[in-house]
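The values are calculated or read from the model by the stated rules, or taken from the named source; none is laboratory data. What you are looking at is a predicted structure, and each value in this text was computed from that prediction instead of being measured. Heads up, the Cβs are rebuilt from the backbone with ideal geometry, glycines too, and the neighbour counts pull from every protein chain shown.
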Amino acid sequence: MQQTISLFAEALQLELLLKLGLATLLGGVIGLERELSGKPAGLRTNILICIGATLFTVTSIHMLPFGVGQRGVDASRIPAQIVSGVGFIGAGAILHARGSVTGLTSAATIWVVAAIGVALGAGAYVEGVGTALLVMLVLWGLRSVERLVARQSARSHVFVHARPEASAPEEIETLVRRTGLDVDRLVIRKENVDLVMELELRGPKRLHDQAMIALLHHPAVRTVSTGE
């Protein structure tokens, strides 16, 4: 009897190592793409989230014999809480900068990586690996589609009158780029006591409105106008 229990425990340990190994591999592949893209949630973050979700799920499954039937504890609540916990991490990856929002893709990636970990922990290897492949297709494969859309994107000509502060031009350009727009041309000149920045922006039309709102809220900006 003791030998049977030992063999069973050894099999469980090997299965756990397999799940954690897959979690490290799949989380690492997705995290590497985020790392190479310069995103805040990179290689280590995605690996740790996938490993943690896997281990939590495995633990909850092992608790089932002691769950609803004997102690009145629903062990399925543990994977359910993973979603809430990952939500807090995802919220930390989203940055709000004066009307602009960035990091939504990183937050969504974290959420899916946790789902992959839950699938691996539950023994759904095909589903977990398949989902990871789909995520990589979306993150890597759709870049060409985004470039094609960018070529068809809107352009705008913006004039910004700002206070003559040394850091104002760099801050304003960074602010515009954070909205997701490309700055194709930037000309800075002094007009009376103001700095006048002439920017040619390119990107999705909806982002141009966000950029205008963000610029209007910058403390160094006096007025913002378009060349229309």
Cβ-Cβ under 8 Å pairs, at least 6 apart or on other chains, segment 155-169 side crowded, with 19+ Cβ neighbours inside 10 Å, far side part of a loop (DSSP other than H, G, I, E, B) and small (G, A, S): S156/G227; V158/G227; A162/A220; A168/A220
Single match in G123, G69, G85 (criterion: loosely packed, with under 14 Cβ neighbours inside 10 Å, over 24 Å from V176 (Cα atoms) and either small (G, A, S) or at pLDDT 90 or above (or both)): G69
Selection within segment 16-58 - in contact (Cβ under 8 Å) with a residue 40 or more places away in the chain, over 18 Å from I110 (Cβ atoms) and of a type outside the set (A, V, I, L, M): K19
